[in-house]
């Protein structure tokens, strides 16, 4: 496990928010977001798992 530096989390959140169509429901079709909550939680955690 690799802890991320303190500046990494805000950068990841900014990157995720740049793709609103992936994280918000589509009001024209009623479809759920492409990325479910459990994926967003994994993308914004404070560490990464590295397999060697």
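Read the figures in this text as sums done on the coordinates, not as results from a lab. Since we're looking at a predicted model, the values are computed, not measured. All Cβ positions, glycine included, derive from the backbone under ideal geometry; neighbour counts span all protein chains shown.
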Task: Every residue from the stretch 28-41 that is surrounded by fewer than 11 Cβ atoms within 10 Å (Cβ to Cβ) and in a helix (DSSP H, G or I) - done: 37, 38, 41
TODO: Taking only the stretch 1-27 into account, find how many residues are closer than 26 Å to residue 51 by Cα and not in a helix (DSSP H, G or I).
DONE: 7
Open item on the list: With the requirement that a residue be outside any loop (DSSP other than H, G, I, E, B) and free of Cβ contacts under 8 Å to residues at least 12 places away in the same chain, what does the stretch 42-52 give you?
Closed with: 42
